[in-house]
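Colleague: Have a look at the structure that comes next, please.
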Ligand SMILES: [Zn+2]
Ligand SMILES: [Zn+2]
């Protein structure tokens, strides 16, 4: 099944639109990211691919594919203080944005309507990636805290 032709998806359309080759793995990973409303970990991506395509993706392929998508500007990477990397899709309609991380339950949500401010970097320093994470408590964890 792994050599089967990848059916056309939003992910393969996006890859082709910017002149990139939609390999099966890249398409599967990007499609998984596009379908998730919040940033997801490696494990969640693997589970999603398995559920959707009936195939398990090995870690090396997944890591390489994600790195490649980040380099191409199609995904961004978020680190919260639990040291788990999470990824989400980026597009012109959905540019890189800040995230909120709940310190208690660990969920990370996209603040898609907020922008990452332009920051000044010293001359001759090249910015490759900017991450902005707000740490705090989600509504659910705040109410749990009050009732304790
Ligand atoms: Zn929470
Ligand atoms: Zn996001």
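Values quoted throughout were computed directly from the atomic coordinates according to the rules given, and no laboratory measurement underlies them. Since we're looking at a predicted model, the values are computed, not measured. Note: ideal-geometry Cβ built from the backbone for every residue, glycine included; neighbour counts use all protein chains shown.
Colleague: Could you work out how far helix 59-71 tilts from the main Cα principal axis of the chain, as a 0 to 90 degree angle to the nearest 10?
Modeller: Rounded to the nearest ten degrees, it is 80.
Colleague: On to the next question. Over the stretch 22-148, consider all pairs of different Cα atoms and compute the Kirkwood hydrodynamic radius from their mean reciprocal separation; express it in Å, one decimal.
Modeller: About 15.9 Å, per the Kirkwood formula over Cα pairs.
Colleague: Still on this structure, please answer the following. Relative to the longest principal axis of the C-alpha atoms of the chain, give the angle of the C-alpha long axis of helix 42-53, reported between 0 and 90° and rounded to the nearest 10°.
Modeller: Taking the Cα atoms of the chain, the angle to 42-53 is about 40 degrees.
Colleague: Next up: Can you order the peptides 118-128, 89-99 by their average number of other Cβ atoms within 10 Å per residue, highest first?
Modeller: Peptide ranking by packing, descending: 89-99, 118-128.
Colleague: Could you tell me the calculated FRET efficiency between residue 71 and residue 103, based on Cβ-Cβ distance and R0 = 35 angstrom, to the nearest 0.05?
Modeller: Between residue 71 and residue 103 the formula returns 0.70.
Colleague: Moving on to the next point. Need the full-extension length gain, residue 143 to residue 41, defined as separation in residues times 0.36 nm minus the C-alpha distance. One decimal, nm.
Modeller: Contour length minus the Cα-Cα distance gives 34.1 nm.
Colleague: Also, I was wondering about something else. Residue 51 versus residue 64, label points 7 Å from Cα toward the beta carbon: distance in nm?
Modeller: With each label point 7 Å from Cα toward Cβ, the separation is 2.7 nm.
Colleague: Return one number: the angle in degrees, 0 to 90 and rounded to the nearest 10, between the long axis of the Cα atoms of helix 24-35 and the longest principal axis of the Cα atoms of the chain.
Modeller: Approximately 40 degrees, to the nearest ten.
Colleague: Turning to a different aspect of this structure: Suppose only helical runs count, i.e. DSSP H with n ≥ 4. What mean residue ellipticity at 222 nm does that imply for the chain under -39500 (n - 2.57) per run, divided by all residues and rounded to the nearest 500 deg cm²/dmol?
Modeller: -10500 deg cm²/dmol
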